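Student: Below is the structure I would like to discuss, written out as structure tokens.
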Amino acid sequence: MQLHIIDAGTFKLDGGALYGVVPKSMWSKNMPSDENNMCSIAMRCLLIEDGEKLILIDTGIGEKQDEKFLKHFFISGPTLVQSLQNKGFSPSDI
């Protein structure tokens, strides 16, 4: 069995919304924010290769969001499909 970490990009969330009532002085030590108080969150998926089977545990955000959604979450980085291809796999393999 082999495990592959698949990068599905990043998105941003407002630090206050992300951590709620926890003071910024506490959470910013581990999760720095930008000048707009936005924290960058990585989306990583797990691809399990077991003999002839490929199992994808997808924790990504998808690709069907509208323009309003994209303006709020600042999605960037490689797509799931691009990262699968970089590892030598395609969606049809799964």
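Student: Restricting to DSSP H runs of at least four residues, report the calculated mean residue ellipticity at 222 nm for the chain, -39500 (n - 2.57) per run over all residues, nearest 500 deg cm²/dmol.
Tutor: -5500 deg cm²/dmol
Student: To the nearest 20 debye, what charge dipole does the range 25-74 have about its Cα centre, counting +1 at the Cβ of each Lys and Arg and -1 at the Cβ of each Asp and Glu? All intermediate terms of the calculation are to be shown ahead of the outcome.
Tutor: Working: 6 positive and 9 negative charges, 50 e Å.
Value, rounded to 20: 240 debye.
Student: Still on this structure, please answer the following. Answer with one residue from Cys45, Met26, Ile94: the one whose Cα lies farthest towards the positive end of the charge dipole of the chain, charges on Cβ with Lys, Arg +1 and Asp, Glu -1.
Tutor: Met26
Student: Can you tell me the relative contact order of the chain? Whole percent, Cα pairs under 8 Å, sequence separation 6 or more.
Tutor: In percent, rounded to a whole number, it is 39.
Student: Using Cα positions and a limit of under 17 Å, work out the aspartates and glutamates in reach of Lys53, with same-chain residues fewer than 8 apart set aside.
Tutor: Asp93
Student: For the ranges 18-25, 35-42, what's the packing order if you count other beta-carbon atoms within 10 Å of each residue, average per peptide, and put the highest first?
Tutor: Final packing ranking: 35-42, 18-25.
Student: Oh, and also: Excluding Leu84 itself, calculate the net charge of residues whose Cβ lies under 14 Å from the Cβ of Leu84, where each Lys or Arg counts +1 and each Asp or Glu counts -1.
Tutor: -3
Student: Quickly work out the Lys29-to-Phe74 label distance, labels modelled 7 Å from Cα along the C-beta direction, and quote it in nm with one decimal.
Tutor: The modelled label-to-label distance comes out at 2.4 nm.
Student: Provide, as a two-decimal number, the C-alpha radius of gyration of the chain over 2.2 N^0.38 Å, N being how many residues it has. List each step's numbers first, then the result.
Tutor: Details: Rg = 16.1 Å, N = 94, 2.2 N^0.38 = 12.4 Å.
With N residues counted in the chain, Rg over 2.2 N^0.38 Å equals 1.30.
Student: Once you've got the Cα coordinates, tell me which of Lys24/Lys68; Lys29/Lys64; Lys12/Lys64; Lys64/Lys87 are over 22 Å apart.
Tutor: Distance filter (> 22 Å) returns Lys24/Lys68; Lys29/Lys64; Lys64/Lys87.
Student: Here's something else I'd like to know. How far apart, in nm, are two points set 7 Å out from the Cα along the Cα-to-Cβ line at Glu63 and at Asp50?
Tutor: Computed distance between label sites Glu63 and Asp50 equals 2.8 nm.
All of the numbers you see were taken from the coordinates with simple rules; none came from a lab. All figures in this text were calculated on a predicted structure; none of them were measured in a lab. In this analysis, Cβ positions are derived from the backbone assuming ideal geometry, glycine residues included, and neighbour counts consider all displayed protein chains.
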